[in-house]
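S.K.: Sharing a structure with you now.
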Amino acid sequence: MTDDLFDGLLQVPTREDIAPGAVLLRAFARDIDLALLQAADAVTARSPLHHMQTPGGYTMSVASTSCGPLGWVSGPDGYRYAAHDPRTGQPWPAMPACFSELAQWAAARAGYANFVPDAC
């Protein structure tokens, strides 16, 4: 049995253009996976995962949270981005540097050199 879920899979990052303006970047975060997981743990410690409600009144099966200046939210009044966690009224946790750096690097690699993430 292997200790690494990804053993035997793609080891070298690759880029695949899948449609105009859409690029698949495989294995690009592999070298910083632990930093990304630690950063995600820090975000969820401050703003725990939760199941949002759809505008139709149903509870989503996926639990989520956000970080950065904006977070994606859903509720009786619709889907939107908001500056504050609707459960606490507090701003979302700051986006960890490794998240924003990865997003900017991947966007540049995909042809979007001036991308600045504002929601994660």
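The values are calculated or read from the model by the stated rules, or taken from the named source; none is laboratory data. What you are looking at is a predicted structure, and each value in this text was computed from that prediction instead of being measured. Every residue, glycine as well, gets a Cβ built from its backbone with ideal geometry; the counts of neighbours run over all protein chains shown. All accessible areas refer to the heavy atoms of the entire protein, side chains included, with ligands and DNA or RNA removed. Shrake-Rupley method; radii C 1.70, N 1.55, O 1.52, S 1.80 Å.
S.K.: Among 70-77, 26-33, what's the highest-first ranking by average C-beta atoms within 10 angstrom per residue?
M.R.: Put in order of decreasing packing, that is 70-77, 26-33.
S.K.: Between L102, L36, L24, where does the largest GNM mean-square fluctuation fall for the chain, given springs only between Cα atoms within less than 10 Å?
M.R.: L24
S.K.: Calculate, for the chain, the solvent-accessible area per residue in square angstrom, rolling a 1.4 angstrom probe over the heavy atoms of the protein chains.
M.R.: Each residue of the chain exposes 67 Å² on average to a 1.4 Å probe.
S.K.: Sum up the charges of everything whose Cβ sits under 10 Å from the Cβ of V23, counting Lys and Arg as +1 and Asp and Glu as -1, but leave V23 out.
M.R.: Charge balance near V23 sits at 0.
S.K.: May I pose another question? Comparing M95, M60, M52, which has the greatest mean-square fluctuation in the GNM of the chain with Cα pairs linked when under 10 Å apart?
M.R.: M60
S.K.: Among rounded, prolate and oblate, which fits the chain when a ≥ b ≥ c are the square roots of the eigenvalues of its C-alpha gyration tensor, a/c under 1.5 means rounded, and a/b larger than b/c means prolate?
M.R.: Here the chain falls in the prolate category.
S.K.: Something else now. Pick from R109, R87, R46 the residue whose mean-square fluctuation is largest in a GNM of the chain, springs joining Cα atoms under 10 Å.
M.R.: Checking each option, the largest mean-square fluctuation is seen for R87.
S.K.: How much length would be gained if the chain were fully extended between A42 and A82, taking 0.36 nm per residue of separation minus their Cα-Cα distance, in nm to one decimal? Write out the running numbers ahead of the final one.
M.R.: Numbers: separation 40, 0.36 × 40 = 14.40 nm, distance 2.02 nm.
Result for the pair: 12.4 nm of gain on full extension.
S.K.: Counting C-alpha atoms alone, how compact is the range 14-78: give Rg to one decimal and Dmax as a whole number, in angstrom.
M.R.: Looking at the range 14-78, its Cα Rg and Dmax stand at 16.0, 42 Å.
S.K.: Of all the accessible heavy-atom surface of the chain, with the other protein chains kept in place and a 1.4 Å probe, what percent is carbon and sulfur?
M.R.: 60
S.K.: Per-residue HN-Hα couplings for the range 95-109, Karplus 6.51 cos²θ - 1.76 cosθ + 1.60 at θ = phi - 60°, whole Hz, x for Gly and Pro?
M.R.: Per residue, the Karplus-derived 3J(HN,Hα) values read 6, x, 4, 5, 5, 5, 5, 5, 4, 5, 5, 5, 4, 4, 5 Hz.
S.K.: For the range 15-26, what does the Karplus curve 6.51 cos²θ - 1.76 cosθ + 1.60, with θ = phi - 60°, yield as ³J(HN,Hα) per residue in whole Hz, taken in order and with x for Gly and Pro?
M.R.: For the range 15-26, the Karplus-derived couplings read 10, 9, 6, 9, 6, x, x, 10, 10, 9, 10, 8 Hz, x marking Gly and Pro.
S.K.: Can you pull the one-decimal nm distance between simple spin-label points at R109 and Q53, each 7 Å off the Cα toward Cβ?
M.R.: Between R109 and Q53, the label points sit 4.1 nm apart.
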